[in-house]
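K.L.:
Sharing a structure below in structure tokens format, with a few things to ask.
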Amino acid sequence: MGKKERLAKILMQSWVERLLVQKKRRHLSILAYHSVQEFTQDYPYNAENISAYPNVFAEQMDFVSKHFNVINFYDLVRYQSAYPNLLFPQLLKLLPPNSMIITFDDGYADNLNIALPIMKSYGLTGVVYISTDFVDQQKLFWFDEVARCMQVLPEGPINIFNNRFSVHLNDTNREKQRRAFGRFLQTLTDNERLEAIEELRHISQYNFDSCKFSCGMPLSWEQVRQLRSEGIEIGSHTRNHGFLDVMNEEELLDQIAGSKEQIESQIGESIVSFSYPNGNFHQGVVDTVKEAGYQFAVNYKHNIAKSSIKLNRFLLPRLHVETDMSMSLFKGNLLMPSTFVR
Ligand SMILES: [Zn+2]
């Protein structure tokens, strides 16, 4: 057990918790989830993308619904228009205490099938960030596909992209090499990244139709609209979930503004928030998000959004939720961020 987990176990005893939940917090807590689903030993993709198992997610939502005021970015837009002269950090102070936004990255179908019914039972709203190239395409997210390829490749040497990625795969290092391949992809341009994945797909003879699992599927547009009709906000997570910090201006515009237009034409409503895939960005990326007409964007820095002059509404930090996190640490992050979120 890690240091934070041990501390959370000691501090989050019921009487301490009872005291802490009464505190009025003036910061905004934004939770970051990906997939919510059961894990089995033979999970076919990257299990790191499961943020919570359904029973744990239900326990988390139970706690959140009792002690937090859950809103979404449309609500923030309404607050902002009621106080047009206030800067965003000042606006945060006017929100009801203990305000929270629950976000989901990527757009897994389980957000609708598993997470939504649980959230509905507690009357909670949330935000689902979708990467539009994967909607309705009968294909996996590229990182799940890479994970699958790495699992099914036979042991032996793999050489990809003129040997720029060259490793010897065996059954004990598959996970390590999957990570190494992920790091390698970050060194390529966006087109090269797509070519390298295509090469991996080819050598592993991976074929979506011959390996269908019920889990890991991206949402369809019909399902996206269903989420929206249930009160869930839809935001953009680009088109292809590439690394924005290596893209040229034209690619950035297509990923950031193009995905916005595509989502808006599918749901018939404007969208207001954006999530940077893999948390990768530079100032030019942030400027493009702003110019595309978004009003808020979330990054992947593990933190709460404090009402400080430094807080940028286009770089809002989020609290990561992971399956190896105990309920005590989940509560610790929310109730005592100055101790647990560092
Ligand atoms: Zn993502």
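K.L.:
Please work out the Kirkwood hydrodynamic radius for the stretch 142-210, using every pair of different C-alpha atoms, and report it in angstroms with one decimal place.
P.N.:
Numbers: mean 1/r = 0.0834 Å⁻¹.
So the Kirkwood estimate lands at 12.0 Å.
K.L.:
Also, I was wondering about something else. How large is ³J(HN,Hα), in whole Hz, for each residue of the stretch 148-161 in order, when computed from phi with the Karplus curve 6.51 cos²θ - 1.76 cosθ + 1.60 and θ = phi - 60°, using x for Gly and Pro?
P.N.:
Coupling constants for the stretch 148-161: 5, 4, 5, 7, 9, 4, x, 4, x, x, 10, 10, 10, 6 Hz.
K.L.:
Sticking with this structure for a sec: Within a Cβ distance under 15 Å of Tyr79, other residues only, what is the Lys/Arg minus Asp/Glu net charge?
P.N.:
Numbers: positive: Arg26, Arg78, Lys93, Arg313; negative: Asp75, Glu233.
Charge balance near Tyr79 sits at +2.
K.L.:
So, counting K/R as plus one and D/E as minus one, what does the shell of residues with Cβ under 12 Å around Gln90 add up to? It would help to have the intermediate numbers written out before the result.
P.N.:
Values: positive: Arg26, Lys93, Arg313; negative: none.
Summing Lys and Arg as +1 and Asp and Glu as -1 gives +3.
K.L.:
On to the next question. Is there a quick way to get the dipole size of the stretch 142-210? I mean about its Cα centre, with the Cβ of Lys and Arg at +1 and of Asp and Glu at -1; what is the value in debye to the nearest 20? Could you put the intermediate results ahead of the total?
P.N.:
Values: 9 positive and 11 negative charges, 63 e Å.
It comes to approximately 300 debye.
K.L.:
List the residues whose amide H sits under 5 Å from the amide H of Gly235, counting only those 5 or more places along or on another chain, with H placed 1.01 Å from N in the peptide plane.
P.N.:
Here the answer is Val128, Tyr129, Ile130, since their amide H atoms fall under 5 Å of that of Gly235.
K.L.:
Also, quick follow-up: Using only alpha carbon pairs under 8 Å that are at least six residues apart, calculate the relative contact order of the stretch 142-210 and give it in whole percent.
P.N.:
On the way: 56 pairs, mean separation 25.8, N = 69.
Relative contact order here is 37 percent.
K.L.:
Now a separate question. Please enumerate, by chain and number, the lysines with C-alpha under 19 Å from the C-alpha of Lys3, excluding those fewer than 8 residues away in the same chain.
P.N.:
Leaving aside lysines fewer than 8 places away in the same chain, those within reach of Lys3 are Lys331.
K.L.:
Indicate, rounded to the nearest 5 percent, the antiparallel portion of the DSSP beta bridges found entirely in the chain. Please list the in-between numbers first.
P.N.:
Working: 7 of 34 bridges.
So the antiparallel bridges in the chain amount to around 20 percent.
K.L.:
Provide Rg over Rh for the chain; use the alpha carbon set for both Rg and the Kirkwood Rh (inverse mean inverse pair distance). Intermediate results must be reported in sequence, preceding the final value.
P.N.:
On the way: Rg = 20.4 Å, Rh = 21.1 Å.
Reported Rg/Rh (Cα atoms, Kirkwood Rh): 0.97.
K.L.:
With each pseudo-label sitting 7 Å past Cα toward Cβ, what's the Ile203-Val21 distance in nm, one decimal?
P.N.:
5.3
K.L.:
Give the residue list of GluC sites (Glu not before Pro) in the stretch 167-260 that are DSSP loop and have at most 14 other beta-carbon atoms within 10 angstrom.
P.N.:
Glu230
K.L.:
Any idea what the relative contact order of the chain is, in percent, if you count C-alpha pairs under 8 Å spaced at least 6 apart?
P.N.:
On the way: 572 pairs, mean separation 80.7, N = 342.
Taking the mean separation of contacting Cα pairs over the length of the chain, I get 24 percent.
K.L.:
For Asp106, Asp42, which order do you get if you count the other beta carbons within 10 Å of each Cβ and list the fewest first? Don't skip to the answer; put the middle values down first.
P.N.:
Values: Asp106 23, Asp42 7.
Fewest to most other Cβ atoms nearby, the residues stand as Asp42, Asp106.
K.L.:
Using a cut-off of 12 Å between beta-carbons, work out the net charge of the residues near Asn55 (Lys and Arg +1, Asp and Glu -1, Asn55 not included). It would help to have the intermediate numbers written out before the result.
P.N.:
Numbers: positive: none; negative: Glu38, Glu59, Asp62.
Neighbour charge sum, excluding Asn55 itself: -3.
K.L.:
Tell me, Trp221, Trp142 in order of fewest to most beta-carbon neighbours within 10 Å? Don't skip to the end; give the middle numbers.
P.N.:
Values: Trp221 15, Trp142 20.
Lowest count first: Trp221, Trp142.
K.L.:
Another question, then. To make sure I understand, if each residue's beta carbon is the centre and we count other beta carbons within 10 Å, what order do Val152, Val167 fall in, fewest to most? Walk me through the intermediate numbers first.
P.N.:
Values: Val152 12, Val167 15.
Ranked by crowding around the Cβ, least crowded first: Val152, Val167.
K.L.:
For the stretch 1-130, what is the relative contact order in percent, using Cα pairs closer than 8 Å and at least 6 residues apart in sequence?
P.N.:
Working: 160 pairs, mean separation 44.1, N = 130.
Once divided by the residue count of the stretch 1-130, the mean separation gives 34 percent.
K.L.:
For the pair Lys176 and Arg225, how long in nm is the line joining their label points, each one 7 Å along Cα→Cβ?
P.N.:
About 5.0 nm, to one decimal.
K.L.:
Normalised by the empirical 2.2 N^0.38 Å for globular proteins, what value does the Cα Rg of the stretch 47-118 take?
P.N.:
1.35
K.L.:
So, in Å, what gap is there between the alpha-carbon centers of the stretch 266-342 and the stretch 218-246?
P.N.:
16
Only the coordinates and a few stated rules stand behind these numbers; no lab work does. All values derive from a computational prediction rather than experimental measurement. Here Cβ is always computed from backbone atoms with ideal geometry, including for glycine, and neighbour counts include all displayed protein chains.
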